[in-house]
Amino acid sequence: MKDIRAKILQNKKVCGDYYKMALDAPYIAKNAKPGQFVQVRCSDGTEPLLRRPFSVHKVKGKTVEILYEIIGQGTEILSERNTGETLDVLGPLGNGFTLSNMPAVIIAGGIGVAPLVFLAEELAKKKIKAIVLIGAKTKNMILCEKDFKNTGAEVKIATDDGSKGCKGFVSNLFEKAVGKIVYACGPAQMLKCVADMCKKKKMHCEISLEEKMACGIGACLGCAVKVKGGGYKLACKDGPVFNIAELI
Ligand SMILES: Cc1cc2nc3c(=O)[nH]c(=O)nc-3n(C[C@H](O)[C@H](O)[C@H](O)COP(=O)(O)OP(=O)(O)OC[C@H]3O[C@@H](n4cnc5c(N)ncnc54)[C@H](O)[C@@H]3O)c2cc1C
Ligand code: FES
């Protein structure tokens, strides 16, 4: 991990409140693995004081991309930053997904697509077959469909309002999906549903938890997650990706 001053190469709206930022970050690009994240200082001032965590969305040569949704002050400020400005970026952080040789089912809800595009690209490089299930509120909020298709993966869509693909939750698509290992990121309710289904199907499943974080490096204990056996693990250091077998 390194704290670098990264130049913003691009920062543009994708749709709705979703933005994509490309950063010149050779060290992070070289060392990042799918599921890892970076801590970004959104402004050069003291507001907000804490850095904000974002998954590594894509790596292209020396460039690292993040895909983010405007949620509050930090992401609002981030969306207003201009090309050519620089930001403090710490990373890569945490433990990412295990890359196995098994056919994969990738399940993404909302902004949960962010780490999974990098994962799908790495699986494709290893010629591992993947089916991708994307969930969104409505047709206009489906993220990264093209990126996933470009990896050669089969892509299926679910929207809450039925405006594209199957109507309902993305977890419903999972009933019929064939694969040996599941990777998921999205809203807590979706992850719980996916985890329950994987337990029933006896499938290996890894999920990325987007816990609230402060330091991002295991120092403040602010992101503790209860695990089986009575202990705690830190989402920032031991995760953010966990095998569901570990989690309560
Ligand atoms: C490992 C990790 C990876 C992440 N990757 C991405 C990503 O790739 N793209 C992306 O858009 N977001 C991602 N997030 C979430 C992102 O970090 C938060 O949305 C961001 O920190 C919000 O900052 P803010 O200052 O805009 O909002 P704040 O003002 O900090 O918060 C606004 C509201 O959102 C709530 N909130 C803030 N963070 C979270 C959270 N993590 N979970 C639930 N509620 C929260 C706050 O309690 C508050 O109510 C990730 C989080 C983690 C832990
Ligand atoms: S965010 Fe500080 S220990 Fe995880």
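The values are calculated or read from the model by the stated rules, or taken from the named source; none is laboratory data. This is a predicted model, so every value here is computed, not measured. Cβ sites come from the backbone with ideal geometry, for glycine too, and all protein chains shown count toward neighbours. The protein model used for the area step is the full one, side chains on, heavy atoms only, and it has no ligands, DNA or RNA in it. Shrake-Rupley method; radii C 1.70, N 1.55, O 1.52, S 1.80 Å.
General remarks:
- V38 surrounded by fewer than 20 Cβ atoms within 10 Å (Cβ to Cβ), under 17 Å from the mean Cα position of the chain (by Cα) and assigned to a strand (DSSP E or B): no
- Of the set (1) closer than 30 Å to D88 by Cα; (2) assigned to a loop (DSSP other than H, G, I, E, B), all apply to A177 but (1).
- Criterion violated by Y183 - all others in (1) closer than 23 Å to M141 by Cβ; (2) in a loop (DSSP other than H, G, I, E, B); (3) of a type outside the set (D, E); (4) within 17 Å of the chain's Cα centre (by Cα) satisfied: (2)
- Cβ-Cβ distances below 6 Å connect the following pairs, each with a first residue in region 180-202 that is surrounded by 13 or more Cβ atoms within 10 Å (Cβ to Cβ), a second residue that is among the hydroxyl-bearing types (S, T, Y) and not in a helix (DSSP H, G or I), and a separation of six or more residues or different chains: I181/S100; C185/S208.
- Test: V113 is assigned by TED's automatic domain parsing to the domain that holds K176 and modelled with pLDDT of 95 or more: yes
- Pair list, Cβ under 8 Å, 6 or more apart: region 5-18 residue among the aliphatic types (A, V, I, L, M), other residue modelled with pLDDT of 95 or more and loosely packed, with under 14 Cβ neighbours inside 10 Å: I8/N82; I8/T83; I8/G84; I8/E85; L9/T83
- Considering G45, G72, the condition of being under 30 Å from T138 (Cβ atoms), outside the structural domain of G179 (by TED's automatic domain parsing), surrounded by fewer than 16 Cβ atoms within 10 Å (Cβ to Cβ) and of a type in the set (G, A, S) is satisfied by G72 alone.
- Condition check for T83: among the hydroxyl-bearing types (S, T, Y), modelled with pLDDT of 95 or more and either open to solvent by 40 Å² or more (accessible area, probe 1.4 Å) or out of contact with any strand residue (DSSP E or B) (no Cβ under 9 Å at 6 or more places or on another chain) (or both): yes
- Look at region 208-219: where a residue is within 7 Å of ligand 1 (Cβ to nearest atom), no partner that is open to solvent by 30 Å² or more (accessible area, probe 1.4 Å) and hydroxyl-bearing (S, T, Y) sits 6+ places away or on another chain with Cβ atoms under 7 Å.
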